[in-house]
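Scroll down for the structure; my scribbles are underneath it.
The values are calculated or read from the model by the stated rules, or taken from the named source; none is laboratory data. The structure presented is a predicted model; accordingly, all values stated were derived computationally and were not measured. Ideal geometry is used to build each Cβ from the backbone, glycine not excepted, and the neighbour counts take in all protein chains shown. The area values use the complete protein model at the heavy-atom level, side chains included, leaving out ligands, DNA and RNA. Shrake-Rupley method; radii C 1.70, N 1.55, O 1.52, S 1.80 Å.
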Amino acid sequence: VLIRRGRLQFRPVHFKRKRSLAYAAMEGTIVAGRRTDSIRPGLISACAYRDLLSELAESKHEVVFLAINSPGGSPDGSEILYQSIAELGRQKPVIALLGGVAASGGYYAAAAAHKIFASPASITGSIGVVRLQPEASGLYRRLGIRSERVGFRGTEDILSFTSPPSKASEKLIQEQLESTYAQFLGRVAAGRGMKAAEVLRHAEGRVYTGRQFLDTGLIDGVLDFAGALDFYRNEAGIPGKP
């Protein structure tokens, strides 16, 4: 802004911009979602949050706090969130706050943040992969329902509700699970600056409280939002009262 003095004198006036932060809440089961999804409580659509995190990366906020309360969900949705949070972290500090439950995919996403804080009673960890497949052949027989499938390569029953998976299908499912599990371990290791073997010691689906998880090195502290905010103030050298 320029203030004119007389006819030819100009003096610049600089307005001091207040510092600001962003607080985003993620709550519910994680799904990959679609580009048309909007953010709503009870469900974490990774595509919807990818857009939000991209906007935050371009915003004037100097730090982003992500409150995550999720039991997990789909591996592909968790990976989208991880990548989106990591990309945001290239632009500004990201601090994850684990809620009552931040397990499996919930922790997967949080691992991309610069710092992770939890409450003492948070249920977290559960670094692992599981797949559930209904098998309702007994129910179908009782109801008099017969299902016939025409398939190929011996894995046509992989999504069948009416018969158990064949050996070939079991092998394929196991390979997919092991690949996803290895990726999960790798993402956590990269985010926490650890070796995959170190993460593996606390993985295999084990569940921890926030207090217990602190001893593993997989979170940075047991703090609520106010404590995490004070932590950031000290790290950033922001003077004044909390």
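Brief remarks on what is shown
- Among the residues of the stretch 202-215, the ones that are closer than 22 Å to Ile85 by Cβ and open to solvent by less than 40 Å² (accessible area, probe 1.4 Å) come to 5 in all.
- Top-ranked residue in the stretch 137-164 [being in a loop (DSSP other than H, G, I, E, B) and either modelled with pLDDT of 70 or more or closer than 30 Å to Lys195 by Cα (or both); ranked as farthest from the chain's Cα centre (by Cα)]: Gly144
- Cβ-Cβ under 7 Å pairs, at least 6 apart or on other chains, the stretch 186-201 side closer than 19 Å to Ala96 by Cβ and modelled with pLDDT of 90 or more, far side open to solvent by 70 Å² or more (accessible area, probe 1.4 Å) and among the small types (Gly, Ala, Ser): none
- Ala121 vs. criteria in a loop (DSSP other than H, G, I, E, B) and crowded, with 24+ Cβ neighbours inside 10 Å: no
- Enumeration of residues in the stretch 21-68 that are in a loop (DSSP other than H, G, I, E, B) and among the charged types (D, E, K, R): Arg34, Arg35, Asp37, Glu58, Lys60, Glu62
- Options Ser45, Ser59: the member that is among the polar types (S, T, N, Q) and closer than 12 Å to Ala32 by Cβ: Ser45
- Top-ranked residue of the stretch 49-97 - restricted to ones that are of a type in the set (S, T, N, Q) and open to solvent by 20 Å² or more (accessible area, probe 1.4 Å), ranked as farthest from the chain's Cα centre (by Cα): Ser59
- Being more than 25 Å from Ala196 (Cα to Cα) and at pLDDT 95 or above is a property that Ser38 lacks.
- Scoring Gly240 on the criteria (1) small (Gly, Ala, Ser); (2) at pLDDT below 90; (3) under 18 Å from the mean Cα position of the chain (by Cα); (4) open to solvent by 50 Å² or more (accessible area, probe 1.4 Å) leaves a single failure, condition (3).
- Scope the stretch 177-201; condition under 11 Å from Gly217 (Cα atoms) and open to solvent by 30 Å² or more (accessible area, probe 1.4 Å); matching residues: Arg192, Gly193, Met194, Glu198
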